[in-house]
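A short write-up of the structure that comes next.
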């Protein structure tokens with residue numbers, strides 16, 4: 001049986017010739033993300049801010065969001081947001097946390113039910129307190145930081161410390177720019193989004209480790225090859241694998257974005273961006289960093305003839 005995709009030849013793209021452009025672009029994206037986070041902040045969901053979420057379904061047909069918003073605003077419950085949830089008949093209602101305890105939150109939910117009437121099917125109600133939200137923010141930040149250091153330690157243990165530095169920088173870049181994207185678009189940032197960021201870190205390091213493994217192998221085979229050429233060779237040899245992996249993963253995530261409904265929207269956007277930026281950082285941050293913080297070149301030497309063949313020389 002013939003394979004569906006056949007790679008006829010290894011490309012010869014000069015990635016290292018574009019390293020300065022990549023570093024400048026990455027620096028600008030990182031700086032812009034930090035500025036956006038400090039000035040605009042994130043649109044935290046109820047998971048972090050506290051409040052009440054009610055999922056309802058209009059049993060008579062497409063929900064009239066304008067009328068629902070007008071009816072709920074008249075209740076004096078403070079900030080109320082509504083949005084369709086997957087279809088025109090499903091609606092997510094978000095209420096800000098009411099002054100008082102649990103009984104006051106339950107009373108607010110009952111007011112909503114009384115106002116909307118019996119034409120709605122109440123499918124889910126969630127209440128999150130402010131203390132829980134603050135604890136979740138703290139736990140999320142700690143989990144992200146620990147994941148970054150764990151990734152750097154793993155790469156250092158498997159390869160050498162310069163590889164760990166490159167992996168740390170590229171993964172940190174992916175995380176910061178993802179947060180910047182959410183700050184720019186003001187997409188709701190919740191626990192699902194946080195899970196996506198940690199998944200992005202794992203995806204990015206997986207691609208980086210594949211490239212690093214090829215760099216290490218090439219270093220052992222061609223001990224006197226110029227280092228920029230060596231990195232270019234490694235990147236080009238793994239490029240087909242990178243493209244195929246990115247394409248298949250992006251198609252799956254795109255399906256979630258288009259058909260997964262509102263509950264998966266933030267997760268899907270974060271994952272789709274993470275796939276693209278993670279691939280970019282592996283090619284233009286993780287690998288080029290090794291040019292400036294060079295690992296030791298050890299192992300068996302293949303000889304001048306092998307290196308000449310690798311360069312395409314007679």
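Just so it is clear, none of the values below were taken in a lab; they were calculated from the coordinates. Just so it is clear, the structure is predicted and the values come from calculations on it, not from any experiment. We place every Cβ from the backbone using ideal geometry, glycine too, and count neighbours over all the protein chains shown.
Mean separation of Cα pairs under 8 Å and 6+ residues apart, divided by the residue count of the range 51-128: what relative contact order is that in percent?
49 percent
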> Which order do 161, 156 fall in if you start with the one that has the fewest other Cβ atoms within 10 Å?
Replying inline: 161, 156
>> Students often get this wrong, so try it: which of (i) -0.50, -0.78, -1.16; (ii) -0.30, -0.59, -1.16; (iii) -0.40, -0.77, -1.31 is log10 I(q)/I(0) by the Debye sum over Cα atoms at q = 0.08, 0.11, 0.15 Å⁻¹ as calculated from the structure shown?
In response: (i)
> How much mean residue ellipticity at 222 nm does the chain get from its helices, if each DSSP H run of length 4 or more adds -39500 (n - 2.57) and you divide by all residues, to the nearest 500 deg cm²/dmol?
Replying inline: -21000 deg cm²/dmol
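State the extension gain, in nm to one decimal, for the chain segment bounded by residue 24 and residue 206, taking 0.36 nm per residue of separation less the distance between their alpha-carbons.
Full extension from residue 24 to residue 206 adds 63.1 nm.
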> What full-extension length gain, to one decimal in nm, is calculated for residue 248 and residue 34 as 0.36 nm per residue of separation minus the Cα-Cα distance?
Replying inline: 74.0 nm
> What number, in percent, do you get for the relative contact order of the range 129-238 if the mean sequence gap of Cα pairs under 8 Å and at least 6 apart is divided by its residue count?
Replying inline: 21 percent
> Relative contact order for the chain using alpha-carbon pairs under 8 Å, separation at least 6, rounded to a whole percent?
Replying inline: 25 percent
>> Suppose the chain between residue 255 and residue 106 were pulled fully straight at 0.36 nm per residue; how much longer would it get relative to their current alpha carbon spacing?
In response: 50.0 nm
>> Considering only C-alpha atoms, what is the centroid distance from the range 139-184 to the range 8-35, in Å?
In response: 18 Å
> Which FRET efficiency value, to the nearest 0.05, is calculated for residue 87 and residue 145 with the Förster distance at 35 angstrom and r the Cβ-Cβ distance?
Replying inline: 0.35
